[in-house]
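The values are calculated or read from the model by the stated rules, or taken from the named source; none is laboratory data. Quantities reported herein were computed from a predicted structural model and do not represent experimental measurements. Heads up, the Cβs are rebuilt from the backbone with ideal geometry, glycines too, and the neighbour counts pull from every protein chain shown.
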Amino acid sequence: MGTDGPGLIRQYGTATPEPAPCHIQLGALSFAWQSGALRWLRIGDIEIVRGIAAVLRDPQWGTHTPIVDDKRIEVAHRHASLAQDFHLSTDGPDAGGESLLRGQLRIEATEHRVTVDLALEVLIDFTTARSGVSMLLPLAGVVGGEIQVLHTDGQRETTRLPHLISPSQPLFDIRQLQLSPTLDVTVKIDFEGDVFEMEDQRNWSDASFKIYNRPLAWPTPYVLGAGDRVVQRVVVSVVDSGRTPG
Amino acid sequence: MRTDVHTLRLGGPASTPLPSVGCGLWLDRINDLGRLARQLDAVMPRHLDALLDLRSSRALENLPGLMVSAAERDIPVWLYVICDDHDPTGSLSTLARRLEGLPGPPAGMLVTPAAYLKSYQPDGVWPSGTSPGQARMAARVLWPELALGGGVPTYFTELNRCRPDPSSIDFITHAVSPIVHAADDRSVMETLQSVPDIVASCRALAPTTPYRITTTAIGAWTNPYGECLTPNDGSQRVTLSDDDPRQRGLFAAAWGVGFMARVAYAGVNAATLSSLGPPFDIGADSLYPVGHAIAGLCRAAGQPLRQLKLGGAELAALAWQTELLAVIEVWIANLSADAVPLYIEDVDLLELSRLTAMGDGFQPAPSMEARLRAGETDRLAGFEILRLRVQNLGSGPDC
């Protein structure tokens with residue numbers, strides 16, 4: 001099955017291919033980078049994060065496709081640095097039009113820690129159902145599993161994620177999560193820059209629990225005003241990889 | 001890319017049969033009943049789920065043609081009715097008059113007040129008009145003998161947030177859309193991982209009630225979360241679109257077979273895939289790959305399922321006993337874009353065909369058949385579907 005035009009049409013019904021993912025390996029830690037999103041963060045064979053991305057929704061919860069202005073990947077022996085600069089245009093994904101907002105998603109990764117920074121600069125009033133960074137946890141090892149939550153007021157809670165799909169959000173007001181997808185892999189995930197909560201995305205047939213900014217109980221859509229800046233950060237730290245002591 | 005060889009091993013009988021397999025149909029979007037008839041003849045769906053929006057005069061005009069075409073072919077029609085929010089009895093009475101004198105009656109009906117096509121947060125403000133339960137009671141008066149459902153013509157989210165009383169429904173139903181939140185190829189295929197959890201969660205809401213998954217395809221026919229669908233010229237992979245290009249490619253066939261494998265082994269009673277005509281068309285004079293896959297699954301609906309093992313997440317497979325007791329039909333779909341090595345074990349391979357190209361349907365593949373029969377490894381191309389007829393050589397319980 002070729003990757004030529006007819007081959008693509010046979011497979012996908014369109015000759016437009018998706019951008020190929022770039023695979024990054026740092027010791028036992030690996031992930032892919034595709035269309036400005038981090039995907040499939042693994043320790044060895046164990047997937048600990050399904051994805052981290054900047055998600056810019058339109059007022060109908062449709063997803064904007066940003067125009068990529070620049071992307072950079074630098075991989076050294078024990079460190080990777082990736083960034084994508086983008087903007088949204090008043091004319092949608094096609095070139096031309098005025099810039100609605102500019103943004104950058106930046107990833108700094110070592111063998112034990114991945115830091116994702118999102119910066120948005122709003123140029124023209126921008127109406128959105130939600131704009132920010134969102135993180136997906138995979139299902140294997142996570143469904144029904146124990147999870148520790150640190151709330152923004154400093155309270156800690158230990159709970160279990162649901163087996164049966166929860167109609168409402170399983171977790172609110174998240175500052176930090178800690179979970180162990182397997183007995184010997186523990187990860188800690190920190191969220192900064194907004195109020196984050198979790199949704200059981202299996203409701204929509206996504207294979208993930210999503211942690212996203214801005215509580216659903218707040219009014220939508222909302223307006224990001226010209227001149228506003230959005231700065232958010234997610235840090236995934238490997239507390240115990242089962243490979244190193246402690 | 002992983003290059004592990006996937007070995008197919010057949011197991012014993014499963015506890016459930018292959019569900020009824022059917023197609024959807026939007027009565028307000030049908031404009032050629034002749035084309036519909038050709039599609040019915042080509043696919044022979046075991047049932048039809050017809051969306052009937054009573055706010056559309058065109059939907060009611062097309063109803064007689066549908067009921068006649070379906071009756072001529074003994075295909076049961078399940079009506080997914082959208083009714084008025086404030087006068088359900090009035091709008092359903094219009095439907096009752098239309099149905100008088102038509103072949104039928106329908107096999108069952110789900111009645112949804114229009115406002116319930118939208119999604120509401122569990123703690124949010126819900127519509128003030130007729131509830132789905134009240135609409136069902138209004139339908140019960142008009143059709144005391146008819147199977148009346150609980151659930152939604154949209155997605156499991158809406159059902160999970162507005163749960164019917166299981167004692168008041170004759171079946172439970174919802175659709176699945178794999179492009180609500182993400183539309184890239186890998187995310188769409190990954191939705192298959194969550195499908196067993198959806199089936200288990202829905203079953204838990206009504207454990208003994210027949211469970212019918214209604215029209216499901218790579219697309220969304222309506223947007224419960226906003227005012228409209230995402231515009232698409234038919235070439236873009238975008239969320240919440242009713243014109244996804246992959247519906248026309250092998251991708252949709254592979255996803256559909258993967259979906260059927262998940263829901264069949266999870267024990268649903270019926271599954272409805274794609275539609276005859278828009279929004280999730282399967283092609284007419286030349287079927288899309290997904291149309292060929294659905295036609296093959298429709299033929300096998302109701303056959304006893306067989307367990308099988310096939311390592312790795314890249315492949316989906318299902319198997320059933322054919323009318324010839326000793327012969328098992330096995331379908332294997334490659335869910336990935338990369339070729340996957342395959343090896344079969346302990347079975348006598350009688351026949352092999354593959355779904356590879358648009359329009360052609362399943363075609364024999366003699367060289368692949370010879371290699372697998374000789375105990376060699378061969379490769380399943382990206383999104384390709386294999387159809388095998390095998391005889392179990394092992395000491396399985398059916399020998």
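Of note:
- If you go through region B:228-247 and keep only what is within 21 Å of A:Gly5 (Cα to Cα) and of a type outside the set (A, V, I, L, M, F, W, C), you end up with B:Asn232, B:Asp233, B:Gly234, B:Ser235, B:Gln236, B:Arg237, B:Asp243, B:Asp244, B:Pro245, B:Arg246, B:Gln247.
- Hey, B:Thr215 β-branched (Val, Ile, Thr) and modelled with pLDDT of 95 or more or not: yes
- Just one of the listed residues (B:Thr214, B:Thr173, B:Thr208) is surrounded by fewer than 20 Cβ atoms within 10 Å (Cβ to Cβ), hydroxyl-bearing (Ser, Thr, Tyr), more than 7 Å from chain A (Cβ to nearest Cβ) and in contact (Cβ under 8 Å) with a residue 12 or more places away in the chain, namely B:Thr208.
- Yes/no for B:Ser15 being surrounded by fewer than 21 Cβ atoms within 10 Å (Cβ to Cβ) and part of a strand (DSSP E or B): yes
- Candidates B:Ser167, B:Ser187 - the one that is hydroxyl-bearing (Ser, Thr, Tyr) and either at the interface with chain A (Cβ under 7 Å from one of its Cβ atoms) or surrounded by fewer than 20 Cβ atoms within 10 Å (Cβ to Cβ) (or both): B:Ser167
- Any chance A:Ala207 is within 10 Å of chain B (Cβ to nearest Cβ) and either modelled with pLDDT of 95 or more or out of contact with any Cys (no Cβ under 9 Å at 6 or more places or on another chain) (or both): yes
- Test: residue in region B:117-128 that is on the phi < 0 side of the Ramachandran plot, away from every other protein chain (no Cβ under 14 Å) and part of a loop (DSSP other than H, G, I, E, B): yes
- Just one of the numbered conditions (1) modelled with pLDDT of 95 or more; (2) surrounded by 22 or more Cβ atoms within 10 Å (Cβ to Cβ); (3) of a type in the set (A, V, I, L, M, F, W, C) is not true of B:Leu8: (1).
- Complete set of residues in region B:106-138 that are of a type in the set (A, V, I, L, M, F, W, C) and either touching a His at 6+ places or on another chain (Cβ under 7 Å) or surrounded by fewer than 23 Cβ atoms within 10 Å (Cβ to Cβ) (or both): B:Ala107, B:Ala114, B:Ala115, B:Leu117, B:Val125, B:Trp126, B:Met137, B:Ala138
- Answer residue from region B:361-385, given it is of a type outside the set (Phe, Trp, Tyr) and touching a helix residue (DSSP H, G or I) at 6+ places or on another chain (Cβ under 8 Å) and is surrounded by the fewest Cβ atoms within 10 Å (Cβ to Cβ) among those: B:Thr377
- Test: residue in region A:50-71 that is within 26 Å of A:Ala129 (Cβ to Cβ) and in contact with a helix residue (DSSP H, G or I) (Cβ under 9 Å, 6 or more places away or on another chain): yes
- Any hit, region B:248-266, residues being within 30 Å of A:Gly5 (Cβ to Cβ), under 12 Å from the mean Cα position of the chain (by Cα) and not in a helix (DSSP H, G or I): no
- Number of residues in region B:237-292 that are under 20 Å from A:Ala15 (Cα atoms), in contact (Cβ under 8 Å) with a residue 24 or more places away in the chain and either in contact with a Ser or Thr (Cβ under 6 Å, 6 or more places away or on another chain) or not basic (Lys, Arg) (or both) equals 23.
- Meets criteria (polar (S, T, N, Q), surrounded by fewer than 24 Cβ atoms within 10 Å (Cβ to Cβ) and at the interface with chain A (Cβ under 10 Å from one of its Cβ atoms)) for B:Gln236: yes
- Residue count for region B:42-71, restricted to those that are of a type in the set (Val, Ile, Thr) and under 20 Å from B:Ser20 (Cβ atoms): 1
- Test: residue in region B:298-305 that is modelled with pLDDT of 95 or more and part of a strand (DSSP E or B): yes
- Close pairs from region B:367-385: first farther than 12 Å from B:Thr356 by Cβ, partner surrounded by fewer than 17 Cβ atoms within 10 Å (Cβ to Cβ) and of a type in the set (Ser, Thr, Tyr), Cβ under 6 Å, at least 6 apart: B:Thr377/B:Tyr343
- Among the residues listed as A:Asp190, A:Asp206, the single one being in a loop (DSSP other than H, G, I, E, B) and on the phi < 0 side of the Ramachandran plot: A:Asp206
- Qualifying position, being surrounded by 15 or more Cβ atoms within 10 Å (Cβ to Cβ), at pLDDT 90 or above, assigned to a loop (DSSP other than H, G, I, E, B) and not assigned by TED's automatic domain parsing to the domain that holds B:Met260, among B:Ala319, B:Ala337: B:Ala337
- When the strands (runs of 3 or more DSSP E) confined to region A:3-50 are screened for residues that are facing chain B (nearest Cβ under 9 Å), loosely packed, with under 15 Cβ neighbours inside 10 Å and among the acidic types (Asp, Glu), none reaches at least 1 such residues.
- Filtered by the rule that a residue be in contact with a strand residue (DSSP E or B) (Cβ under 8 Å, 6 or more places away or on another chain), in a loop (DSSP other than H, G, I, E, B) and not β-branched (Val, Ile, Thr), region A:78-105 gives A:Arg78, A:His79, A:Pro93, A:Ala95, A:Gly96, A:Gly97, A:Glu98.
- Candidates A:Leu56, A:Leu29 - the one that is among the hydrophobic types (A, V, I, L, M, F, W, C), touching a Leu at 6+ places or on another chain (Cβ under 8 Å) and over 17 Å from A:Glu111 (Cβ atoms): A:Leu56
- Residue within region B:58-70 that is outside any helix (DSSP H, G or I) and either in contact with a Pro (Cβ under 7 Å, 6 or more places away or on another chain) or without any contact (Cβ under 8 Å) to a residue 60 or more places away in the chain (or both) present: no
- Of the criteria (1) under 21 Å from B:Arg262 (Cα atoms); (2) in a loop (DSSP other than H, G, I, E, B); (3) in contact with a helix residue (DSSP H, G or I) (Cβ under 7 Å, 6 or more places away or on another chain), which one B:Pro207 fails: (3)
- The single condition from (1) more than 9 Å from chain A (Cβ to nearest Cβ); (2) more than 12 Å from B:Pro279 (Cα to Cα) that B:Ala252 fails is (1).
- Among the residues of region A:164-194, those that are modelled with pLDDT under 95 and surrounded by fewer than 17 Cβ atoms within 10 Å (Cβ to Cβ) comprise A:Ser168, A:Thr182, A:Leu183, A:Asp184.
- Region A:57-77 - residue that is within 12 Å of chain B (Cβ to nearest Cβ) and part of a strand (DSSP E or B) and, of those, surrounded by the most Cβ atoms within 10 Å (Cβ to Cβ): A:Arg57
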